[in-house]
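Every number in this text was worked out from the coordinates using simple rules, so none of it is lab data. A quick note: this is a predicted structure, and the numbers were derived from the prediction, not measured. Ideal geometry is used to build each Cβ from the backbone, glycine not excepted, and the neighbour counts take in all protein chains shown.
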């Protein structure tokens, strides 16, 4: 473990109100979205709300709910944060296992330490002397001096710890520290472990919870320890005897309960009741008298899950009086006694844009024909439309019944469409349209191939788990064909069904592919509704009736295969990178990639005019910023290299006039790059 003083990092300038321009990498002109947030935290004095995101650390004024600073953008990936009680410092830990203590006045780094594991619980002592962390993958609690990050001591319980949460809490006199460990007798249960900080002795092991424990807090008087978690129960323990003195239950179908003492010693709890088929309820309750202080109902598909696919740190309750929680598409909600109602501010879209697979027509990011709107598919929000001028977003389909499992298309006429799947219903919508589906079908399983829309916008197809293909006429909304793709018996359910559906560029051919026990592609005549070819093989470029249907050049070492909009060019990005001229049936040019990064280029896109080609990297250990390269297609000349996102680039999109390149990332943001100096 390495410990060292860090050079001061100049805080980000926050001159101007347009936060989309704060802390931009060179070459970028705007950042859409403020990053996926693994953590949120209130300052002890209630002045600030800090949000640790995958692209940096945001500081909000709690009175105005406005962002006032953006720090730690050099690397980003801030996963856990904690304020010191005196309001002077904020601790931040990133995914590179670097823990820093920052000056709250200017964001300067006072000290940092490199750690050996991922932190899942972080806190300062009440006297501001110590900083402590608990780890996700081991039952270790580590303590440092707060101002210097010099190590003080380390505690390890007997049972290995692996889980989502590792809550940690100092007693008010800093004499004790409590955390959790996995139970060695009951699956999924956890025990509370308490140590004496000075002697290093483990003095208590408390068993009552039957599920993961998400919250631990000492009372201000130091006489009690409260705990709560996934089993929907709050327990209160007497610190002098370590006997259980109270328990609170009967909160209904509880997903998580988070107790917290107010400064006056009143025990309250934030309660999350979640039902996938109905609205989630987030409430604050006075546990001692049962008084309901706050409640909010939000539908399950509007409440955001955390980075790891769970509620995690997306609901924060502190001092028994401050609640913050996230809500798709745009908001973080805040409740405090000073404002005893729901206040909202825009911080998202919360989740990360979807990764773009190899496809002819399907895309996860694309501009409208006039260049004024950028459409992006998100994992949890469905397809969102970003207005380039205002830099604000809106859902492409506002109808609740569409669900959030959505797919994005653009036809040769320039129209944007969205396919949605909810339950077993599949629908096709015009993006930003009247909310009436153009096509409605059923029996479409989630794990089947993505739906397909022809480039002409005339035909729409999807497949069910049994290999049945349904082809619809978009103009009439009527089903045109039902075809049967032959499937071989398969004991592995994960490999069942059709894995790919694509139309040819002219819409005359539909190709369907199954991949078990080997790749098997069937091509269908869309004028006759009949099978016309069953001879497509791997490792060839296939032409049917003079039109490219599928590229089956199987990538090696994470190479990317992509096709230009007009079907003239094909790319392969990776250890063997080239551009291929489909008409000439020959290699056009070899591409030179940055040395050492060849095998991590993934997202790729041709410009609409076909003159330019761009590709971006996935993250590799040791990388701080992802690389995006731009080439001229005819010559293979590399035009410019951008460095911006702190983690994987998921998709790229050129504006129609080639003035902008948009890059979407797993960090939850979109960067707009200015291409005018280079093209």
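Couple of notes before you dig in:
- The Cα atoms of segment 562-676 give a gyration tensor whose axes a ≥ b ≥ c have a/c of 1.5 or more with a/b no greater than b/c, which makes the shape oblate.
- Mean Cβ count within 10 Å, highest first, over the residues of peptides 116-122, 209-215, 235-241: 209-215, 116-122, 235-241
- Additional length obtainable on full extension of the chain from residue 208 to residue 389, 0.36 nm per residue less Cα span: 59.6 nm
- Spin-label zone in segment 218-233 - amide nitrogen under 19 Å from a point set 7 Å from the Cα of residue 183 along the C-beta vector: 226-233
- Using a Förster distance of 45 Å, the FRET efficiency for residue 244-residue 442 (Cβ separation, nearest 0.05): 0.30
- Most to least packed among 589-601, 637-649 [average Cβ atoms within 10 Å]: 637-649, 589-601
- The value of relative contact order for segment 3-258, using C-alpha pairs under 8 Å at least six residues apart, is 10 percent.
- Only one of (i) 23; (ii) 27; (iii) 36 was calculated from the structure for percent of Cα pairs over 47 Å apart, and its label is (i).
- Working from label points 7 Å from Cα in the Cα-to-Cβ sense, the residue 632 to residue 196 distance is 7.6 nm.
- Beta-bridge orientation, the chain: approximately 100 percent antiparallel, per DSSP, counting only bridges with both partners inside.
- Relative contact order (%) - criterion: Cα under 8 Å, at least six apart; region: the chain: 8
- Convex hull of Cα atoms in segment 3-258, direction-averaged projection (nm²): 14.7
- Protection-proxy order for peptides 427-434, 188-195, each taking the mean of Cβ atoms within 10 Å per residue, highest first: 188-195, 427-434
- Computed on segment 166-235, with alpha-carbon pairs under 8 angstrom and 6+ residues apart, the relative contact order is 27 percent.
- Estimated inter-spin distance, residue 473 and residue 566, nm [label 7 Å along Cα→Cβ]: 3.2
- Cβ crowding within 10 Å, taken as a proxy for footprinting-reagent exposure, orders 326, 74 from fewest neighbours to most as 74, 326.
- FRET efficiency, 1/(1 + (r/R0)^6) with R0 35 Å, evaluated for residue 108 and residue 17 via beta carbons: 0.90
- Mean-position separation - Cα centroids, segment 54-118 and segment 599-674, in angstrom: 28
- Calculated FRET value between residue 578 and residue 401, using beta carbons and R₀ = 35 Å, to 0.05: 0.20
- Residue order, fewest to most beta carbons within 10 Å, for 185, 153: 185, 153
- When 55, 526 are arranged by Cβ crowding within 10 Å, least crowded first, meaning fewest neighbours, the order is 526, 55.
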